[in-house]
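The values are calculated or read from the model by the stated rules, or taken from the named source; none is laboratory data. Everything quoted here is computed from the prediction, not taken from an experiment. Backbone-built Cβ (ideal geometry, glycine too); neighbour counts: all protein chains shown.
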């Protein structure tokens, strides 16, 4: 029921059977403030047993709750909308609210925020039929607390006792009704009403009657429940006595004989064994009844008092066990992982354990019974374990403890230990302190925090720390005549070095760069790695100093200076592009100065890299254009808003079309007119190269499947697509799915994929070649280690870089180099393709030098897929 209550307009939950519940309550006639000794006794017992200052037996009416019994609370009735018990009556489970101030259901309740400032509540529902919860037995306190399993069990037991009283009240009410109609219901109803009325007067729990003539024993349902027998159990006198423990049977037998022969009543507490073998204690009370002066029956009542007897036994045993428990407490304290110290209302030490001495490193003789807390602090100050004002510390501690507020603090001792201490107030004054050595945990947290804000490779602050530092500088907003300089440093040719020499060399380059940047600035200046090969420097200085710093950084990082990078025998040729802006230190916007510095950096790169540039207004649009370009490319890749064009490739000997190279462009021409190589470069920078590469491959093969069977398709592959095996699997699946001959597929691979020596990349290329696809070395001759590539892989074809091809018509050395490359390729069993044939003279020279294939705008500009299909059927002579 608690999961699906209805809600009324007063914003408290209402049971689903509310109408029937109210009717049942009304039928009992209990909804008034009149108390009774029996109910009051249960409330008093609940407060005593559960150690709470307040206890109630509450009945929940339609708009009010009545206190049938109360202890510690000066009220008889309260509005229902304020009742915690609204939630308790939703089902048969008790409700525990450890701290109402933290519970969204009650934290704004006037009884919590105002008098009597209720904080703790524990209530068990009360029902006499198991269906309609009429109210609760609850205990309350003005301080937070928890209940043990034993206390929960006691609360339920007391609630059952209250149910018994209400059941008896119901029985008495029924008996009264029966008496009023006895003339029509007959003598039997009169006898039952009398029986129930007398049972109620005796105990109000469970009862029995022994009719004397003829002899007949009757048990109420509650009596059967206590004996744990079935509802249809028929009791017999001899068998009933057998339920009592052997030592109790003579006592009950004598009490009944005294009643039969002398008219005496009895009230005994006796041990019993239920039908299920459970040993309990009962209060058995009884006596004779008379009619017309003649004894006609014995009646009696039962109440299960097992819990009270156990409590009494514990109380009796407590004094004799006090000394033993003190020793047990000492043993427990000395085996705790936490240090414990207890101070009385005068701030003198009364209890402590060995861990307390160990954690604080207390010397012998410093800790003793009754030592003042002040003296302990003075000794810690002498050792350097406590710093600060002792008087102030004591005042603040006393003030918070007086307000019943726990005090939590952390201190670092002179021996570098970190200790967490919690001082919790005690009811009678004083406090108990718990102390934990959290050195390892705190240091690990500090290491984790440091790691979250620092780059793992270089140890520099990362982008998160950079943003926090910039926000902190912005928040200070202090008056200053100094200027703030934000400098962005981007490494030139880093990707080339990383691809050529491998990631280990690349990592070493980044670490070495970080060290050199740190050496260029002052101790308090910020040097951060924002990601990849991008660094940032934040420094307070003027424009002249900033220019000098940029000059120093460019020279320090550049390989042309006296200290070039030398890593494992390699000398990677890198430099630095630097863009920076200068703003007033007390008036700037973080996003704005980032944009300015980025614009200046973009200007340096656009001018050929290597150098530095200070921001001016003309750079803003250039930086914005670059960001728009990257954003547009990223969106085009994510949305597959791309299209392919095909650059025809011709056999220079037969002068006929033999295939085409697939080139990708954004479908929207407004993206700065990017060529295929620029788009792929930006895709690599934004991390979308795998996605776009997969799309290009699939669409190229799908289109080429409709070409003549002797036409091949060539697809560019980035080194970043290699090494994981995913490219091989993708090619294999596409060839199989499209039924495309592998021999018609050429993959153009840049030199960087081979010069890095990446075994994974080379292994994947061998696997792809094993499928039947042909591998082409792209842009051959564009780097300084091209010949080394030929040692690593048996290429099918070499594509000569357009930088050589374009010079072949005007420069003899270019023709000589192309001729040498063609001869080398032929000797190695490889074909050659000349890229960038732009003129008829160039075509003539390239063909004369023996190149196998050629492409370029003189032969054909890139064509749409549709245009290429038309040009390829029939084959076109390009002579």
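Data overview
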quantity: Unique match (being modelled with pLDDT of 80 or more, within 17 Å of residue 286 (Cα to Cα), outside the structural domain of residue 52 (by TED's automatic domain parsing) and surrounded by fewer than 18 Cβ atoms within 10 Å (Cβ to Cβ)) among 228, 222, 211; calculated: 211
quantity: Residue 600 modelled with pLDDT of 80 or more, outside the structural domain of residue 776 (by TED's automatic domain parsing) and farther than 24 Å from residue 688 by Cα; calculated: yes
quantity: Residues of the range 280-296 satisfying the condition of being closer than 19 Å to residue 221 by Cα and touching a residue at least 60 places away in the same chain (Cβ under 8 Å); calculated: 283, 285, 286
quantity: In the range 620-647, residue nearest to residue 698 (Cα to Cα) [restricted to those that are touching a helix residue (DSSP H, G or I) at 6+ places or on another chain (Cβ under 7 Å) and modelled with pLDDT of 90 or more]; calculated: 644
quantity: Among (1) at pLDDT below 90; (2) under 16 Å from residue 215 (Cβ atoms), the one test that residue 295 misses; calculated: (1)
quantity: Residues (crowded, with 16+ Cβ neighbours inside 10 Å and free of Cβ contacts under 8 Å to residues at least 60 places away in the same chain) located in the range 355-370; calculated: 357, 362, 367
quantity: Elements of type helices (runs of 4 or more DSSP H) in the range 803-879, at least 3 residues being closer than 28 Å to residue 645 by Cα and at pLDDT below 90; calculated: 840-848, 865-871
quantity: Selected residue (criterion: surrounded by the most Cβ atoms within 10 Å (Cβ to Cβ)) from residues of the range 248-259 that are part of a helix (DSSP H, G or I) and in contact (Cβ under 8 Å) with a residue 24 or more places away in the chain; calculated: 255
quantity: Total residues in the range 519-543, condition more than 20 Å from residue 601 (Cβ to Cβ) and not in a loop (DSSP other than H, G, I, E, B); calculated: 2
quantity: Hits in the range 93-114 (condition: within 20 Å of residue 43 (Cβ to Cβ) and assigned to a loop (DSSP other than H, G, I, E, B)); calculated: 94
quantity: Qualifying residue in the range 371-379 (condition: under 37 Å from the mean Cα position of the chain (by Cα) and exposed (fewer than 15 other Cβ atoms within 10 Å of the Cβ)); calculated: no
quantity: Matching residues, the range 87-135, being crowded, with 23+ Cβ neighbours inside 10 Å and closer than 21 Å to residue 63 by Cβ; calculated: 88, 89, 118, 121, 123, 125, 126, 133, 134, 135
quantity: Qualifying residues in the range 659-674 (those that are crowded, with 19+ Cβ neighbours inside 10 Å and at pLDDT 70 or above) - the one nearest to the chain's Cα centre (by Cα); calculated: 666
quantity: Filter result for residue 18 (within 21 Å of residue 153 (Cβ to Cβ), surrounded by fewer than 18 Cβ atoms within 10 Å (Cβ to Cβ) and out of contact with any helix residue (DSSP H, G or I) (no Cβ under 7 Å at 6 or more places or on another chain)); calculated: no
quantity: 2 or more residues within 45 Å of the chain's Cα centre (by Cα), at pLDDT 90 or above and over 25 Å from residue 868 (Cβ atoms): qualifying helices (runs of 4 or more DSSP H) within the range 675-785; calculated: 726-738, 759-770
quantity: Extreme residue, farthest from the chain's Cα centre (by Cα), among residues of the range 451-466 that are in a helix (DSSP H, G or I) and modelled with pLDDT of 80 or more; calculated: 466
quantity: Matching residues, the range 260-279, being in a strand (DSSP E or B), without any contact (Cβ under 8 Å) to a residue 40 or more places away in the chain and more than 18 Å from residue 228 (Cα to Cα); calculated: 266, 267, 268
quantity: Residue 437 being touching a residue at least 60 places away in the same chain (Cβ under 8 Å), under 30 Å from residue 343 (Cα atoms) and either surrounded by 19 or more Cβ atoms within 10 Å (Cβ to Cβ) or not assigned by TED's automatic domain parsing to the domain that holds residue 344 (or both); calculated: yes
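Quick grid of which residues meet (1) within 35 Å of the chain's Cα centre (by Cα); (2) under 25 Å from residue 311 (Cβ atoms); (3) without any contact (Cβ under 8 Å) to a residue 40 or more places away in the chain:
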| position | (1), (2), (3) |
| --- | --- |
| 78 | no, no, yes |
| 91 | yes, no, no |
| 107 | yes, no, yes |
| 129 | no, no, no |
